[in-house]
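Okay, so here's the structure we're looking at.
The values are calculated or read from the model by the stated rules, or taken from the named source; none is laboratory data. Just so it is clear, the structure is predicted and the values come from calculations on it, not from any experiment. Here the Cβ is made from the backbone with ideal geometry for all residues, glycine too, and neighbour counts use every protein chain on show.
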Amino acid sequence: MSEHGVDSNQIRELGRQALGDAHLQEAYRSSTLRLYTHRLAAVSEVPGFERLRERARELKREVMDHLDFYLAQFAENVERRGGIVHWAESAEEARSIVGEIARRAGASEVVKAKTMVSEEIELNPALEKAGIRPFETDLGEFILQLSGERPAHIVAPAIHMTRHDVSDLFVHNLHSQPTEVPEQLTAIARRALREKFASAGMGLSGANFAVAETGTVVVIENEGNIRFCTTAPRVHVALIGIEKLIPRLADLAVFLRLLGRSGTGQKLTVYTSLLTGPRRPGEDGPEEMHVVLIDNGRIATLADEKMREALYCIRCGACLNTCPVYRKIGGHAYGWVYSGPIGALVTPQLTGIQNARELPFASSLCGACRDVCPVKINIPDLLLHLRSEAQERAPAPTPSGAALGERTTIRLWAWAMKRPWAYSLGSRLARWGQRLLARGGWIRKIPMYPASGWTDGRDLPALARKTFRERWTEIEKQ
């Protein structure tokens, strides 16, 4: 267990538990399928969508290559417009800064917008320990706060719960009447939260983007709660991972066209708020605006030229919705805040490879995540890199029994692949031996481990009667 309270190495066990839960399987299947198909429809309506992806990738690369410049520019512009900038190197430092701001503001209650960074730094327990009550106002996060769970998805944190689950939760915690009508469930949550916006002394949000050119914090949402959190309380605090910067206000249009379509299949989210400093005379808004820029392992990722690309992520969740592994085992199996393919990349970076060495291996490497990523992160390539790093820095325990046989088989394969004569001999023997197993061009059952593990869940195509080399020789003769 790490200092983050994270151990993501239980993914295999938790994944098996999720596969055995039919209720959970249906919740993930229906929700991810809906988000995936909505994305397909939304993307098809945009001419030149691939050019948008390329442009977004170029912009994120520009920021990461010159992050020191853009951070300084952003901080300068925030302060020029009356905001206060804080720098947090670690999660502990970020928690301390937010707690001190709340203490100075005399805030005993904090209304919170959805922010994955606050989950990452475990802010809520720290606030509660300091005698400050945090209230999650995003519907999904509100549901999770009542149930005591972590987010199961980057965009839809309560994706693993059905309407029936939410109804039971509200009945138990809010003493409401049972209902599975979404509008009625939303109304119940609204009644429970509405008064908190007016009474809370501090509001807290994250940021989807931070514009270096203007010092603007950009938040996008579908519920309207973020606008309340950032304008109704006297003090507003924005928690921002340093990778969220974009260079110019004009660049925002590129990302807004990508994020809504990639995340939920919308042309644009319902509310897009651009927050530039505290309120000025004649305006609504907070008297104080604090921006907390958080490192918490991001600089170390930036220093790794291979893994730097992971910081391009704009947290759309598209890779989760398309990933065959995530769609079956769900978000909680990944053991921390970030799940799915992007979680398998960033969790080892932020918590230490020893606490998450299994995550890079929990992937089919099918490439579906790379195909849908709005900034074209080459996730499979990065996962392979992390697998090598995991073997070097946190090698798996010495195998025994079946695991030893599997490793021996892989080493034998690697040895044969380097020696053409051995590979040729092995393929001939395999073609001869498969006569006992192949039926109709397929091998449906292999009795010996580790191959039996493959055929338990899939059929294998039988080896062709002739190798490519043999066919090529015949073609040359003809």
(message) Every residue in region 168-191 that is among the hydroxyl-bearing types (Ser, Thr, Tyr) and either in a loop (DSSP other than H, G, I, E, B) or buried (at least 20 other Cβ atoms within 10 Å of the Cβ) (or both), please.
(response) Ser176, Thr179
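Please list, ordered by residue number, the helices (runs of 4 or more DSSP H) wholly in region 415-478 having 3 or more residues that are acidic (Asp, Glu) and farther than 30 Å from Leu19 by Cβ. If you could, list the steps in order and put the result at the bottom.
Working: elements: 420-433, 451-455, 468-477.
Qualifying helices (runs of 4 or more DSSP H): 468-477.
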(message) Quick check on my filter: what residues within region 65-95 are under 23 Å from the mean Cα position of the chain (by Cα) and part of a loop (DSSP other than H, G, I, E, B)?
(response) Glu89, Ser90
(message) Cβ-Cβ distance below 9 Å, separation of 6 or more or different chains: which pairs start in region 26-41 with a residue that is farther than 15 Å from Thr162 by Cα and without any contact (Cβ under 8 Å) to a residue 24 or more places away in the chain and end on one that is among the acidic types (Asp, Glu) and crowded, with 19+ Cβ neighbours inside 10 Å?
(response) none
(request) Determine which single condition Arg194 fails, assuming it passes every other condition in (1) surrounded by 13 or more Cβ atoms within 10 Å (Cβ to Cβ); (2) modelled with pLDDT under 95. (result) (1)
(message) Condition first: surrounded by fewer than 22 Cβ atoms within 10 Å (Cβ to Cβ) and among the hydrophobic types (A, V, I, L, M, F, W, C). Now tell me which residues in region 118-131 satisfy that.
(response) Ala126, Ala130
(request) Answer yes or no as to whether Val270 is of a type outside the set (S, T, N, Q) and either closer than 19 Å to Ala156 by Cα or in contact with a His (Cβ under 6 Å, 6 or more places away or on another chain) (or both). (result) yes
(message) Quick check on region 352-369. Is at least one of its residues closer than 23 Å to Leu59 by Cα, part of a loop (DSSP other than H, G, I, E, B), within 13 Å of the chain's Cα centre (by Cα) and of a type outside the set (D, E, K, R)?
(response) no
(message) Of the residues Gly48, Gly82, Gly5, only one is out of contact with any helix residue (DSSP H, G or I) (no Cβ under 8 Å at 6 or more places or on another chain), at pLDDT 95 or above, surrounded by fewer than 18 Cβ atoms within 10 Å (Cβ to Cβ) and at positive phi; which?
(response) Gly82
(request) Check whether at least one residue in region 282-302 is in contact (Cβ under 8 Å) with a residue 60 or more places away in the chain and hydroxyl-bearing (Ser, Thr, Tyr), and report yes or no. (result) no
(request) Being in contact with a helix residue (DSSP H, G or I) (Cβ under 7 Å, 6 or more places away or on another chain) and among the charged types (D, E, K, R) is the filter here, so list the residues in region 262-287 that pass it. (result) Lys267, Asp284
(request) May I ask you to verify whether Leu40 is surrounded by 16 or more Cβ atoms within 10 Å (Cβ to Cβ) and either modelled with pLDDT of 95 or more or out of contact with any helix residue (DSSP H, G or I) (no Cβ under 8 Å at 6 or more places or on another chain) (or both)? (result) no
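Criterion first (touching a helix residue (DSSP H, G or I) at 6+ places or on another chain (Cβ under 7 Å), surrounded by fewer than 22 Cβ atoms within 10 Å (Cβ to Cβ) and outside the structural domain of Phe49 (by TED's automatic domain parsing)) does Ala368 satisfy it?
yes
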(request) Among what's in region 397-440 and is among the charged types (D, E, K, R) and modelled with pLDDT of 90 or more, pick the residue that is nearest to Glu358 (Cα to Cα). (result) Lys418
(request) Mind counting the residues in region 442-478 that are over 44 Å from the mean Cα position of the chain (by Cα) and not basic (Lys, Arg)? (result) 7
(request) Check Gly277 against each of (1) at negative phi; (2) in contact (Cβ under 8 Å) with a residue 12 or more places away in the chain and name the one condition it does not meet. (result) (1)
(request) Determine which single condition Leu268 fails, assuming it passes every other condition in (1) modelled with pLDDT of 95 or more; (2) of a type outside the set (Gly, Ala, Ser); (3) within 26 Å of Leu40 (Cα to Cα). (result) (1)
(message) Just checking, does region 141-151 include any residue being assigned to a strand (DSSP E or B), hydrophobic (A, V, I, L, M, F, W, C) and in contact with a strand residue (DSSP E or B) (Cβ under 6 Å, 6 or more places away or on another chain)?
(response) no
